[in-house]
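The values are calculated or read from the model by the stated rules, or taken from the named source; none is laboratory data. As the structure is a computational prediction, the values presented were derived from the model and not from experiment. Note that each Cβ is placed from the backbone with ideal geometry, even for glycine, and that neighbours are counted across all protein chains shown.
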Amino acid sequence: MLQGSDLVVQTSTAIEVTDAETGAFLRSWPLPAGDARLVDLQNGVAVLTAGADVHLLRLSDGRTSVIRTASTTPVPAQLESSGLFYATTVDDAAYPGRVVHVPWNRLPLGA
């Protein structure tokens, strides 16, 4: 994934950042879970999903946090200009699906 001049890729063990203009390796952060999958990138934050969990990784300093959902299935997630969206399923026969929005200022990444 490309953000500005940062090329962000997932390897088997890490998230790596390379300067796309110069080819210089910048940094590497370990995957937050063995089955984590990089799904989006915005404003210097990578979002990864692992089962029902949504992991956030701030690329500037490696700070991470996890949102543990109530989902009974793996969750899709997406970062947008307004914040994080993810979809979950819950044990509710009438309304089993939910879309959750977490605004940027409420993402659990701290200062």
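Observations on the model:
- Check on Ser71, of a type in the set (S, T, N, Q) and touching a Gly at 6+ places or on another chain (Cβ under 6 Å): no
- When the test is whether a residue is buried (at least 18 other Cβ atoms within 10 Å of the Cβ) and either under 20 Å from Met1 (Cα atoms) or at pLDDT below 95 (or both), Leu48 passes it.
- Residue within region 8-18 that is within 25 Å of Trp104 (Cα to Cα), out of contact with any Phe, Trp or Tyr (no Cβ under 6 Å at 6 or more places or on another chain) and surrounded by 18 or more Cβ atoms within 10 Å (Cβ to Cβ) present: yes
- Taking strands (runs of 3 or more DSSP E) as the structural unit, those lying wholly within region 14-111 and holding at least 3 residues that are on the phi < 0 side of the Ramachandran plot and touching a residue at least 24 places away in the same chain (Cβ under 8 Å) correspond to 37-42, 45-50, 53-58, 64-68, 77-80, 83-89.
- Hits in region 46-73 - residues which are closer than 30 Å to Asp92 by Cβ and of a type in the set (A, V, I, L, M): Val47, Leu48, Ala50, Ala52, Val54, Leu56, Val66, Ile67, Ala70
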